[in-house]
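Student: Provided herewith is a single structure, encoded as structure tokens, for subsequent inquiry.
The values are calculated or read from the model by the stated rules, or taken from the named source; none is laboratory data. These numbers come from a predicted model, not from an experiment. We place every Cβ from the backbone using ideal geometry, glycine too, and count neighbours over all the protein chains shown. The accessibility values were calculated without ligands, DNA or RNA, using every heavy atom of the protein model including side chains. Shrake-Rupley method; radii C 1.70, N 1.55, O 1.52, S 1.80 Å.
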Amino acid sequence: MGGVASETQFHVLAVDDSLIDRKLIERLLKTSSYQVTVVDSGAKALEFLGLIEDDSIDSNSNSTRRNRHEVEVNLIITDYCMPGITGYDLLIKIKESTSLKDVPVVIMSSENDPSRINNCLERGAEDFFLKPVQQSDVNKLRPHLLRGKP
């Protein structure tokens, strides 16, 4: 069943608490024929990626943990400023995860703050886009995605 189309379809997780920004990034990514999952918070992103430390899970039952990584995400693009878990927190959690540390993370922000940008890049972000994100920015994602492919 795996035709050429499915092989080139990269799965991007987009995280933004602003509905307008989410719609924009989703449209841009879909225009570039990416498969897109959009969530509205850092917590939902962690849940989707299977990184939530859920204390309610019985420590003896490994079944929940084992089934986590059925979803393959090729790239994560996240807003920097979000309530609760920020894009920076999300970046750090992803880079500290053994299973996800190689997934490219791109941060978006409406503020052009050089120290913030440097912090993100130092902690492992692949790129930093200023909002509003443009199609030319989305075009820069492909090399990161291709590099992550085995």
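Student: I'd like the full set of residues that are in contact (Cβ under 8 Å) with a residue 60 or more places away in the chain and open to solvent by less than 40 Å² (accessible area, probe 1.4 Å), limited to region 75-91.
Tutor: Leu75, Ile76, Ile77, Thr78, Asp79, Met82, Gly87, Leu90
Student: Tally up the residues in region 92-117 that are open to solvent by less than 80 Å² (accessible area, probe 1.4 Å) and part of a helix (DSSP H, G or I), please.
Tutor: Qualifying residue count, region 92-117: 7.
Student: Write out, first by first residue and then by second, each pair whose Cβ atoms fall under 6 Å of each other, whose residues are 6+ apart or on separate chains, and whose first residue, in region 105-128, is under 16 Å from Lys95 (Cα atoms) while the second is among the acidic types (Asp, Glu) and part of a strand (DSSP E or B).
Tutor: Close Cβ pairs satisfying both conditions: Val106/Asp127.
Student: Further question on the same structure: Please pick out the residue among Asn67, Asn112, Asn60 that is farther than 28 Å from Gln9 by Cα, at pLDDT below 90 and not aromatic (Phe, Trp, Tyr). Quick ask: steps written out before the conclusion?
Tutor: Working: Asn67 fails: farther than 28 Å from Gln9 by Cα; Asn112 fails: at pLDDT below 90.
Just one listed residue meets the conditions, Asn60.
Student: Of (1) at pLDDT below 95; (2) in contact with a helix residue (DSSP H, G or I) (Cβ under 7 Å, 6 or more places away or on another chain), Glu53 satisfies all except one. Which?
Tutor: So Glu53 meets the others, but not (2).
Student: Considering only region 128-150, how many residues are within 20 Å of Leu49 (Cα to Cα) and either at pLDDT 95 or above or open to solvent by less than 40 Å² (accessible area, probe 1.4 Å) (or both)?
Tutor: Residues flagged as within 20 Å of Leu49 (Cα to Cα) and either at pLDDT 95 or above or open to solvent by less than 40 Å² (accessible area, probe 1.4 Å) (or both) within region 128-150 amount to 3.
Student: Could you tell me which residue of region 16-41 is surrounded by the most Cβ atoms within 10 Å (Cβ to Cβ), considering only residues that are over 12 Å from the mean Cα position of the chain (by Cα) and among the hydroxyl-bearing types (Ser, Thr, Tyr)?
Tutor: Checked region 16-41; the qualifying residue surrounded by the most Cβ atoms within 10 Å (Cβ to Cβ) is Tyr34.
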